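To keep things clear, I will list the structure first and then write my remarks on it.
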Amino acid sequence: MGEESKKVSFDGEAASLLVKELRGSFNYGTARSYEWRVSQVKALLKMLDENEEQIIDALRSDLAKPPLETVVYEIGMVKNSCEIILKELKQWMMPEKVKTSLATFPSSAELVPEPLGVVLVISAWNYPFLLSLDPVVGAIAAGNAVVLKPSEISPASSSLLAELLGKYMDNSCIRVVEGGVDETTALLRQKWDKIFYTGNGNVGRIVMTAAAKHLTPVVLELGGKSPVVVDSNVNLPVSARRIIAGKWGCNNGQACISPDYVITTKDFAPKLVDALKTELENFFGKNPMESQDLSRIVNSHHFARLIKFLDDDKVSSKIVYGGEKDESKLRIAPTILLDVPRDSLIMSEEIFGPLLPIITVNKVEESFNVINSGTKPLAAYLFTTNEKFKQEFVMNVSAGGLLINDTVLHLAVPKLPFGGVGDSGMGGYHGKFSFDAFTHKKAVLYRGFTGDASVRYPPYTKTKQSLMKALIGGDILGMGRALFGWS
Ligand code: NAD
């Protein structure tokens, strides 16, 4: 049977059978032990070590992704997650003792982490390995059985993920289903113990609606328009380089936390544009359309979507750098647009590509209103040396994550959860947060048979009522009053 016919045959019945099979393995206890979890994380590390070239090739085929970006973001970050798990998992799996209350005295209590069960990871095309494997290792570390549905928009990566996970991992608990809307719909009809979805908000709503039917909790890793505010007191070349690294150096702007647009003052904007032009030329040369260090646009649908932004009458005269395009190669040059009106098409949707509009304001403080008048972004960036302004930004701007004086790098701090808020998503992961995302912390209270105070038992009296009230509130004085008439 060919690949195509295999994909088509994955319908509701196949999805139901798959979940049943994985639930059987989970209930049998396969995924629960520390040893199994470690063995699978090690297998995944081995898989990444032994197949670096194939992964580079798959991403070259899907996105012309530069090998350095593949090695660092798609492979290196997942390996880093695996290493953290191997170092810390034993600690994460330990029950956590917590204090009890006067009302339960004598007693002890703990939070016992338990796996959720059988979980579904649906990932997106732009970082197909990172966005698939990072949640999958979190699910494995937490002791779950997991089905991965990679994005069909990056077909070479999707089929390599299916091949490699099939070869290296324990398939009684870890499986890949390839496919698009039909296959994902079949999967979403099943009852899962968690769904972890990465992608756009419209499909996020479909995922959440399907999950609601089974009361399945979700993590939604969505996107949004991540702004960069640039104050006039900054180190300009460093700021320009860091904006470029986050925008064009991350999959050519096809990254969820890429700077979507810049806000700066009218006076400072020309200086910023000059610095961006200089550094762009240093990075990608005079003809960026030929640069091997820029990914291409993933497909013609996304190419047309981006060109529509540029063809909008409100912005077509605003291009101050770039603007070249070649549909046959799916390439669009790094493009800067200055003084873009806020009611233009490019400012109404997430760009997710190599176009960078700049909005100008009279005072940089006005940027808070610009940002807060839109939906909550996944990331917001500020470049400034003004400490007070930094604090005001942190206190007043709502986003999944904030980063001061750089872009994108907050993603690389495992002690910071990665995720959105509002329209940019819900839930977070990375480091221990990935373990927590796929874990239920079971509340357990232990009591003995001593200290069986009659106060909670009928017949109820006024004294018992006062005593119970004091006990629940941890009010020792109130207990004294109820028992001994203390005043
Ligand atoms: P995509 O097209 O790959 O879709 C994501 C997943 O949804 C795929 O697996 C796809 O098969 C599935 N899907 C698509 N349509 C569906 C439907 N009708 N029913 C069920 N499943 C369906 O990716 P995309 O949505 O183009 O990804 C880009 C978006 O994702 C951007 O908004 C970006 O900001 C966001 N994103 C967020 C993160 C993050 O970590 N927060 C990371 C990457 C991308």
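The values are calculated or read from the model by the stated rules, or taken from the named source; none is laboratory data. The shown structure was predicted, so the numbers you read here are calculated from the model rather than taken from an experiment. Cβ: placed from backbone, ideal geometry, glycine included. Neighbour counts: every protein chain shown. SASA here: full protein model, heavy atoms, side chains in, ligands and nucleic acids out. Shrake-Rupley method; radii C 1.70, N 1.55, O 1.52, S 1.80 Å.
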Given the chain, longest segment not containing exposed loop trypsin sites (Lys or Arg not before Pro) (DSSP; at most 10 other Cβ within 10 Å): 100-285
Accessible surface, 1.4 Å probe, highest first, among residues LEU403, LEU148: LEU403, LEU148
Protein accessible area in the stretch 227-419, 1.4 Å probe - carbon and sulfur %: 50
Taking the convex hull of Cα positions in the chain, its mean projected area over all directions (nm²): 29.5
Within the stretch 227-419, percent of DSSP bridges classed antiparallel, to nearest 5: 15
Spatially proximal lysines relative to LYS99 (Cα-Cα < 27 Å; intrachain offsets below 8 disregarded): LYS90, LYS415, LYS432, LYS441, LYS442, LYS464, LYS469
Once exposed loop chymotrypsin sites (Phe, Trp or Tyr not before Pro) are cut out (DSSP; at most 12 other Cβ, 10 Å), longest piece of the chain: 1-448
PHE449 versus LEU409: modelled label distance in nm, points set 7 Å from Cα along the beta carbon direction: 6.3
Percent accessible area from carbon and sulfur atoms, the stretch 152-224, protein chains only, probe 1.4 Å: 57
Segment SER328-GLU13, extension gain: residue separation times 0.36 nm, minus the distance between their alpha carbons: 109.4 nm
Heavy-atom surface of the chain, accessible at 1.4 Å and reported per residue (Å²): 46
Helix 12-28 vs. the chain, principal-axis angle (Cα, 0 to 90°, nearest 10): 50
